[in-house]
1. Can you report the number of residues in the stretch 241-277 which are aromatic (Phe, Trp, Tyr) and over 21 Å from the mean Cα position of the chain (by Cα)?
2. Counting just the residues of the stretch 277-309 that are touching a residue at least 40 places away in the same chain (Cβ under 8 Å) and among the acidic types (Asp, Glu), which one comes out farthest from Ile130 (Cα to Cα)?
3. What about Gln199, is it out of contact with any Cys (no Cβ under 6 Å at 6 or more places or on another chain), polar (S, T, N, Q) and surrounded by 23 or more Cβ atoms within 10 Å (Cβ to Cβ)?
4. Any residue at all in the stretch 218-227 that's surrounded by fewer than 22 Cβ atoms within 10 Å (Cβ to Cβ) and more than 13 Å from ligand 2 (Cβ to nearest atom)?
5. Consider only pairs whose beta carbons are under 9 Å apart and that are at least six residues apart or on different chains; among these, list those whose first residue lies in the stretch 232-251 and is away from ligand 2 (no atom under 16 Å from the Cβ) and whose second residue is assigned to a loop (DSSP other than H, G, I, E, B) and acidic (Asp, Glu).
6. What is the number of the single condition among (1) farther than 25 Å from His200 by Cβ; (2) outside any strand (DSSP E or B) that Arg281 does not meet?
7. Can you tell me which residue within the stretch 58-95, out of those that are over 24 Å from Leu185 (Cβ atoms) and hydrophobic (A, V, I, L, M, F, W, C), is modelled with the highest pLDDT?
Amino acid sequence: MLIRRPADIAPSEITSPDLYRARREFMRLSGRTALAGAATLALPWSAAEAAALANVQPNRQKIDDKPTRLKDITTYNNYYEFGVDKDEPAKNAGVLKTRPWTVIVDGLCNRPRRFAIEDLLKLAPLEERIYRMRCVEGWSMVIPWVGFPLASLLKLVEPQGSAKFVEFTTLYDEKIMPGVKYPILDWPYTEGLRLDEAQHPLTLLAVGLYGEELLPQNGAPIRLVVPWKYGFKSAKSIVHIRLTEKMPGTAWNKAAANEYGFYSNVNPKVDHPRWEQDTERRIGELTKRKTLLFNGYDEVAPLYAGMDLKKNF
Ligand SMILES: Nc1nc2c(c(=O)[nH]1)N[C@H]1C(S)=C(S)[C@@H](COP(=O)(O)O)O[C@H]1N2
Ligand SMILES: [Mo]
């Protein structure tokens, strides 16, 4: 894989041996020998899109964590629209059609727009970001995402001064989603961020992982990734992004407000009412590890200066 290497990044930060090995594992599993084979995926990117993926910029953040196996990332999923068991999204989400795909961006902004997925893929240089992901259920992974900052998209639509929040709505299609007949959540799945959280450089719109196009079970063709918050904030298969003045309702908060707050920052000191949050099981590891405040992304702390994180959980 061709990776552009900016001068300021140490070679050790670019492709860890594990990542390299995992990429090779991916190639082996998918029966391909080179990234050029991307066009043979079940959901093919155009040649131009595949070229954009091949030009992915390396992750600028040093992370010592070993990336989780591709197999685990793509078969142990939460995507309730396709079933509540961890193995169901991989089995059921293959029918998701990601072309054509449009994301509407509107609400309190000067330039509301409909973006075709092809435009989104070209909107900003695609970057590789290896992030920890901590699910509120107590497990975690390390995922090498490919994507671009949500901030780049928001800048294009020019948020108005009155915009304080961003609402994300994800695909709802009862024809292909067996899970939506159960009233577990108020479908479609929605999520929300404060505007400054949405604009934070860590907040990513992911379109791929392990250097390949996202699979449906991981939220193809485009999903949110907010690494310092519990995994459920990272809405999959987004179709609508709306700028609002009022804090938007979110699917999990509406389902159980005492269990899932709007902020849902990873915080070992705020227990879930039904379990503790001070440790986690990293998928692929046997012993538990300590959960870190903001999932270890301390640079987001200024976003919450002066806030009571127990009250605003
Ligand atoms: N639309 C939608 N997005 C979703 C979910 C979901 O059920 N539906 N599950 C969330 C939860 S609980 C987690 S932990 C992450 C899991 O992402 P992954 O399967 O790619 O690891 O997706 C989040 N995004
Ligand atoms: Mo989760």
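The values are calculated or read from the model by the stated rules, or taken from the named source; none is laboratory data. Being a predicted model, the structure only gives us computed values, none of them experimental. Counting neighbours? That spans all protein chains shown, and the Cβs are built from the backbone with ideal geometry, glycine included.
1. Kept after step one, since they are aromatic (Phe, Trp, Tyr), are these residues of the stretch 241-277: 252, 260, 262-263, 275.
Retained after the next criterion (residues that are over 21 Å from the mean Cα position of the chain (by Cα)): 275.
So the count comes out to 1.
2. Among residues in the stretch 277-309 that are touching a residue at least 40 places away in the same chain (Cβ under 8 Å) and among the acidic types (Asp, Glu), the one farthest from Ile130 (Cα to Cα) is Glu280.
3. Working: out of contact with any Cys (no Cβ under 6 Å at 6 or more places or on another chain): yes; polar (S, T, N, Q): yes; surrounded by 23 or more Cβ atoms within 10 Å (Cβ to Cβ): no.
No, not satisfied.
4. Within the stretch 218-227, the first condition is being surrounded by fewer than 22 Cβ atoms within 10 Å (Cβ to Cβ), and the residues that meet it are none.
No.
5. Every condition considered, the pairs that remain are Gly249/Asp186.
6. For Arg281, the exception is condition (2).
7. So in the stretch 58-95, the residues over 24 Å from Leu185 (Cβ atoms) come out as 58-72.
Okay, now just the ones that are also hydrophobic (A, V, I, L, M, F, W, C), so 63, 70.
Values: Ile63: 74, Leu70: 98.
Per the criteria, the residue is Leu70.
Residues are listed down the side, and each one gets a yes or a no for (1) basic (Lys, Arg); (2) buried (at least 17 other Cβ atoms within 10 Å of the Cβ):
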| residue | (1), (2) |
| --- | --- |
| Lys229 | yes, yes |
| Ile238 | no, yes |
| Pro248 | no, yes |
| Trp275 | no, no |
